[in-house]
Amino acid sequence: MRGVVFDGKQVRVVDDLEIRDPGPGEVLVGVAAAGLCHSDLSVVDGTIPFPVPVVLGHEGAGVVEAVGPGVTHVAPGDHVALSTLANCGACADCDRGRPTMCRKAIGMPGQPFSRDGRPLYQFASNSSFAERTVVKAVQAVKIPKDIPLTSAALMGCGVLTGVGAVLNRAKVGRGETVVVIGTGGIGLNVLQGARVAGALTIVAVDTNPDKEEVARRFGATHFLDSTDGVRGILPTGADHVFECVGHTGLVRTAVDLLDRHGQAILLGMTAPKAEATFLPAAMFLDKSILGCRYGSSRPQRDIALYAELYRSGRLLLDELVTSTYPVEDFARAVEDAEAGKVARGVLTF
C-alpha cells in the first residue's frame, strides 16, 4: 500500500508498505484523507525529534475496515476521525479527564508498519499518510457520514488543537477580548473557537496581508499585519493572546499584549531547547502563561461536539480545506504549505 515515509534523510512516497491486523482494543482504518500539518514538517526538519524510519501523518479520517477483540463503539463501515491520543484510559490523568497528559501515550511509538520485512514507526500513534493505519480504539471517533472525509480529517488535530485551546484551556468567556498571532491552520481554528465562545473583539495578526479575508471569515473582527497596532484596538491589552507561530520573540510579545489578569496561551511549536524571555514583574498583575497540548482535548467528547457544530453551520470545516492533493503529490503539497498558499492542504487516497 502507499504511504509517506521519512527515513531520517529524505521523504518518499512509497507503494510497498505493509500493516499488521488489528489486535485487542485496536481498529484498522482505511484512510480517505489526511491534513498536512506543520508538525509533520517539524519531524522532517528536526524540530520534533522522532525515531526513523517513520510513516508520517497525524490528522486523518476514513472508514473502519476491521476491529480487534473488545472493540464495540465502532464497526466496519463506520466513518471515523482519528485523534493522536493513544491514552490508556485507566491512569490518574485519564481518570481526571486529562487524556492529553497520559504518560502511557507519550514517547512510546508503536511499529505496526513494515517494509521489506523491516518495521517502521508510527508518528503520533496515527500515521494517517498511509492508505491504512491501525490505531487504538479510543483514537477512532465515530462521525456522521454526511461530513465530507476531507473536512473531517482536520478535526483530528487542527480543530482539536485550535478550538480546544479556546474552549478547554483558556476558557474564553462571552464578551472577552482575544488576540491571535499567526493565522495558519491552528490560528484559524483559534479564531473560530473564539467566535463560538462569544468573544467580543477578536484581533488576528499575520504578516501576510492576503490572509485577512479568510481570517475575518473564521471570526476575526480586526486584522493587522503587525502586533504594533494591537494597543490601538485594545488600549489596556487583551484578555487572551494566543501565540500560534512558535517564535520565541512572539512569546514575549504575547505577554506584553495582555491586560490585567490576562492569559498568554502558547500553541506554536518551538525548537525543543529554544528559550524565551519576558518581564516577571508583569506577572504580578495576575497574568498567566499557559502551555497547551492538543487543545487540552477529550477527543471522544470534543470531536462529537465539533461535528454537531459543523452540521449546524457554527463551525467551519470545508473552508479550511484550501486544496486537495493525491498522496503522490506530497512534495507539491509541502511547497504550497511552506509558501503560505493554503489554510490546510489535504492528501487523499
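The values are calculated or read from the model by the stated rules, or taken from the named source; none is laboratory data. The structure presented is a predicted model; accordingly, all values stated were derived computationally and were not measured. For neighbour counting, all protein chains shown are included, and Cβ atoms are generated from backbone atoms with ideal geometry for every residue, glycine included. Accessible surface is based on the protein model in full, side chains and every heavy atom, while ligands, DNA and RNA are left aside. Shrake-Rupley method; radii C 1.70, N 1.55, O 1.52, S 1.80 Å.
What the table shows:
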quantity	calculated
The one condition in (1) within 22 Å of K211 (Cα to Cα); (2) modelled with pLDDT of 95 or more; (3) not in a strand (DSSP E or B) that P235 fails to fulfil	(1)
Checklist (1) at pLDDT 95 or above; (2) farther than 14 Å from G30 by Cβ applied to H79, failing item	(2)
Residue selected from the range 264-280 under the condition of a type in the set (A, V, I, L, M) and open to solvent by less than 80 Å² (accessible area, probe 1.4 Å), by the criterion farthest from G193 (Cα to Cα)	A274
Tally, over the range 52-78, of residues that are in a loop (DSSP other than H, G, I, E, B) and either over 27 Å from A32 (Cβ atoms) or in contact (Cβ under 8 Å) with a residue 12 or more places away in the chain (or both)	15
Some residue of the range 89-101 being within 26 Å of G158 (Cβ to Cβ) and among the aliphatic types (A, V, I, L, M)	yes
A105 vs. criteria surrounded by 20 or more Cβ atoms within 10 Å (Cβ to Cβ), at pLDDT below 95, in contact with a Leu (Cβ under 8 Å, 6 or more places away or on another chain) and among the hydrophobic types (A, V, I, L, M, F, W, C)	yes
Candidate set: the range 180-198, residues that are aliphatic (A, V, I, L, M) and either surrounded by fewer than 24 Cβ atoms within 10 Å (Cβ to Cβ) or in contact with a Cys (Cβ under 7 Å, 6 or more places away or on another chain) (or both); chosen: the one nearest to Y310 (Cα to Cα)	V196
Residue in the range 214-224 that is open to solvent by 20 Å² or more (accessible area, probe 1.4 Å), in contact with a Ser or Thr (Cβ under 7 Å, 6 or more places away or on another chain) and either in a loop (DSSP other than H, G, I, E, B) or free of Cβ contacts under 8 Å to residues at least 12 places away in the same chain (or both) present	yes
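Results for (1) of a type outside the set (S, T, Y); (2) part of a helix (DSSP H, G or I); (3) under 18 Å from the mean Cα position of the chain (by Cα), shown as yes or no for each residue.
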{"residue": "K9", "(1), (2), (3)": "yes, no, no"}
{"residue": "P24", "(1), (2), (3)": "yes, no, no"}
{"residue": "D40", "(1), (2), (3)": "yes, yes, yes"}
{"residue": "F50", "(1), (2), (3)": "yes, no, yes"}
{"residue": "V80", "(1), (2), (3)": "yes, no, yes"}
